[in-house]
Every structure is written in C-alpha cells, then in structure tokens.
Amino acid sequence: MGRRRRKPLPQEPVQATIESLAHDGKGITHTDGKVVFIPGTLPGEEVRYRLTGRRRSFDSGTLLEVLTSSPDRVEPPCPHFYGCGGCSLQQMEPGAQINFKQQTLLDNFSRLGKVAPESVLSPLTGPSHGYRRKARLGVRYVPKKGGALVGFREKQSGYLTVMDSCSVLVPEVGERIGDLRELITSMDGCNKIAQIEVACDDSQSLLVFRNLEQLSEADLSRLDKFGKEHDLNIYLQPKGPDSVTPLNRDHEVELSYHLNSFDLDYSFLPTDFTQVNSAINQEMVPLAIEMLQLTDQDEVLDLFCGLGNFTLPIAKTAGHVVGVEGDEALVQRARENAERNNIENAEFFAVDLQDEETGGIWLNDRYNKVLLDPPRSGALEIVQKMGHIQPERIVYVSCNPATLARDADELVNNQGYRLVSAGVMDMFPHTAHVESIALFVRGD
C-alpha cells in the first residue's frame, strides 16, 4: 500500500487575532479551534496570515499583514528580521521585551516549580544592538541564490537566510556578512566551508572557518587578504575543536576580557564558552557576588564554573572557593586564569556534574555558600545533593527558566529553601532567550 499523500496546505489568507505569546516569542491564535503559532506578531493584533505547516496538535503560519497593531510594535531595526531566525522579538519595543521575559520566568516558577519569588529583581539591561560577541554562522553555497549564503537559519525552516548584515553581532562582524558572502563565493572551495564561528574579545575579532577539506593555496591567500583588509583574525578548523589553528601559524592571538568591578583578566580560546554579552556580564557578576553576601570566612562552591567567570571574583572576597566543571579544557583555563590574576585561594576540579553518581573529595559539607551556572539542561542531579551540603545561600544563574523552575521545586518544596528573589538579565536582546538569576536561602 502506498504512503498516504498529505493534503496540500490552503493558500488563502486567514484573518485572526493574536491572543498571547508563546515562550519562544511566537504569537498564538486559534483557527477552527486549533492552536496556530505565527512569528513576528504581538498580543492583541489583528493579522492576516498564511498556513505554512500542519501538525496533529498545532499549526504554523507566516505573517502577511498586520491589520491592527499593538502599541508595543516598533519597526524592526534589521531588514532581515521577518525572514531570519536569529531574532524573534525585534518587532517589540525593548521595554515590552523585558516584561515578556520577566513574565515568562514567573510563569515557569508558578507552573513548573509551584513556587514564587518573595521579590522580583530589577532587570539587568544593556545595549540592544552590536552586543553579541560569540555566534556560529551557517555557510552554504547556493548558486541559484547568487552564491554563498552566510548567517542564521530562516524562521520555521532549515534553510539559511539570504542576508548581508546582522544588527546584533558586534559591528566588526555583523557589518561584514555581505563581504563574507563575496569572499566565499570567490573561493575555489566555496562549497567546502560548513560554518564560521565568531569569537570576539574586548579589542579584537576572530573568525574560525570550518573547512571540510584542505583549501587551495589560492583560497588560503584570499582568506589572509580578507583578514588583513577587515582587521579580522582568521583561523581554520579542519576537524574537531582541537584542530582550530590560526591561518598564519606565526600569528596566534590571545583572546581575553577584563572584568572591571574586580580588576580581573581572563584568557580564553576561540571555541571556549564565554558569555556572549559583555555589558550584561559586567553587571551580572557583581550582582551574583552581592547576593552571596560573601565574607573572608566563607567556603564557597562554584558549580559549572567554566573558565572561572564567577570563581575568581568570589575568591577576591571569600576565604576559599572550589570551582567544578565538566570540561577539562575549561578547568585548565580556569587554573591558568587564577594564576594570571595571582589568586591562590581557588582550586578547580573536572567532574561531570550531570552524572547522578557525581561525587569526590570536592563534594563535602564544608561549604556554606554555593553558586550554580548550569547549561540549559539545568542542575537537578547536583541540586538533589544540596541536602548533604546544606549551604545557607545558593545563587542560581540560569539560561533556561523551565529547568530553573524545576530545580527551584526541588530546593523549595523538598529541601526547605526559600526563593528569596529572582529576576531576568537581558543577555540576548531581541530574542526570546531568558537569562535569569535567583537567590535561595535555607530555612526561615
């Protein structure tokens, strides 16, 4: 029996009222009793859309026209916004974006965590354009679209967006997307570049070209010339992350950033995890240190410590700090950064913190304060061990309100902590990404 053919999607425009926003920033409406998600729309708007996808539990649509605008609607600053999937909220006034993110956090606490913060912190905000220091840009050679495409994927599609600029990337890179397209189109190996990783520090920008095959001498010369013309450091990555090397092996650069409030310098490699938004990081770290209320008598545990972004500032005030991280290379970087800054009261361990059997000499009951900064999957496995450590204060920095809420449920409803305060930090303006921070205090 042959496979049943899907019915073709209707092409007639549909008129609807947007009822609310989903947590990913898409507008929600109902047509014939079924949920429809429409990117680029805002609550209260009357719109016309066309159906683009149909699933059992929901449909997807693309915006054709806004008939009645929300008072929160603004003209997107990027001409590629309605096609590019890199941003989802440029059509919304920045203050309304913050309110949406804050409500998303509170909704997750209530719905998933069955908790509520005693107070809501003022949001941390910074520049809404040119803020993004790290990104992974897709690359694809498509002759039918004029050559190479460089950028983010389209909304609701796996195809790359046809774009010549990006307003959220640092200008040194965001204003060079068109130049990058021309460069790759001109190369002999135009179909051998899979992606470009962007890594910028306080004073320089670096591009890592993921080359699937060895590039010709002519192409290497083109890359070298491009880097010199645009003051960009060019690296190649022929295999895994360990294969990242400078195009000119005698011109390896050291990437670094300075944390002003603590007079700390951090060195990092192009593929290391660092916070993408320097302005927010400059505010976030002091806030976390303030919430911990550190003294020179404190023993602090910094979990998912990375290259020491929080660990080293903690060491400046606390008696002793232990940083734990699953990535051994980042742990080595953290040790080097501690030495670089003459910090002697910090030690580091490489441990998989998302393993239920996690343990070791670092896990004991001597810590009275803990900082958590886990990946999107959260920190449930280690949070369940807090009953053993019993710290008096826990500061939790989160990039996913759903897993933060889940872990808050464990801390508040099972381990006797209070959720004293929580708030959002606009690490990714114009996106639905919610970065947040929360304070848990033990007992009454």
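The values are calculated or read from the model by the stated rules, or taken from the named source; none is laboratory data. Remember, predicted model here, so these are calculated numbers, not experimental data. Note that each Cβ is placed from the backbone with ideal geometry, even for glycine, and that neighbours are counted across all protein chains shown.
Annotations for the structure displayed:
- Contacts under 9 angstrom Cβ, first residue in the stretch 9-36 being exposed (fewer than 15 other Cβ atoms within 10 Å of the Cβ), partner charged (D, E, K, R) and outside any strand (DSSP E or B), 6 or more apart: HIS30/GLU19
- GLU290 passes every criterion in (1) of a type outside the set (Ser, Thr, Tyr); (2) free of Cβ contacts under 8 Å to residues at least 12 places away in the same chain; (3) part of a loop (DSSP other than H, G, I, E, B) apart from (3).
- Checked against the criteria, VAL198 counts as in a strand (DSSP E or B), within 27 Å of VAL434 (Cβ to Cβ) and modelled with pLDDT of 95 or more.
- Looking only at residues in the stretch 241-285 that are within 30 Å of GLU217 (Cα to Cα) and assigned to a helix (DSSP H, G or I), the one that is farthest from the chain's Cα centre (by Cα) is SER243.
- Verdict on SER70 being assigned to a loop (DSSP other than H, G, I, E, B) and in contact with an Asp or Glu (Cβ under 6 Å, 6 or more places away or on another chain): yes
- Verdict on GLY378 being assigned to a helix (DSSP H, G or I), of a type outside the set (A, V, I, L, M), assigned by TED's automatic domain parsing to the domain that holds THR431 and within 22 Å of PHE109 (Cβ to Cβ): no
- Sole residue being touching a helix residue (DSSP H, G or I) at 6+ places or on another chain (Cβ under 8 Å), assigned to a strand (DSSP E or B), touching a residue at least 24 places away in the same chain (Cβ under 8 Å) and farther than 17 Å from SER110 by Cβ, chosen from LEU419, LEU371: LEU371
- Looking across the stretch 153-169, the residues that are surrounded by 21 or more Cβ atoms within 10 Å (Cβ to Cβ), among the hydrophobic types (A, V, I, L, M, F, W, C) and assigned to a loop (DSSP other than H, G, I, E, B) come down to MET163, CYS166, VAL168.
- Any hit, the stretch 95-115, residues being more than 20 Å from VAL412 (Cβ to Cβ) and among the basic types (Lys, Arg): yes
- Verdict on ALA379 being within 22 Å of the chain's Cα centre (by Cα) and surrounded by fewer than 23 Cβ atoms within 10 Å (Cβ to Cβ): no
- Per this entry, LEU89 is counted among residues that are touching a Gly at 6+ places or on another chain (Cβ under 9 Å), among the aliphatic types (A, V, I, L, M) and assigned to a loop (DSSP other than H, G, I, E, B).
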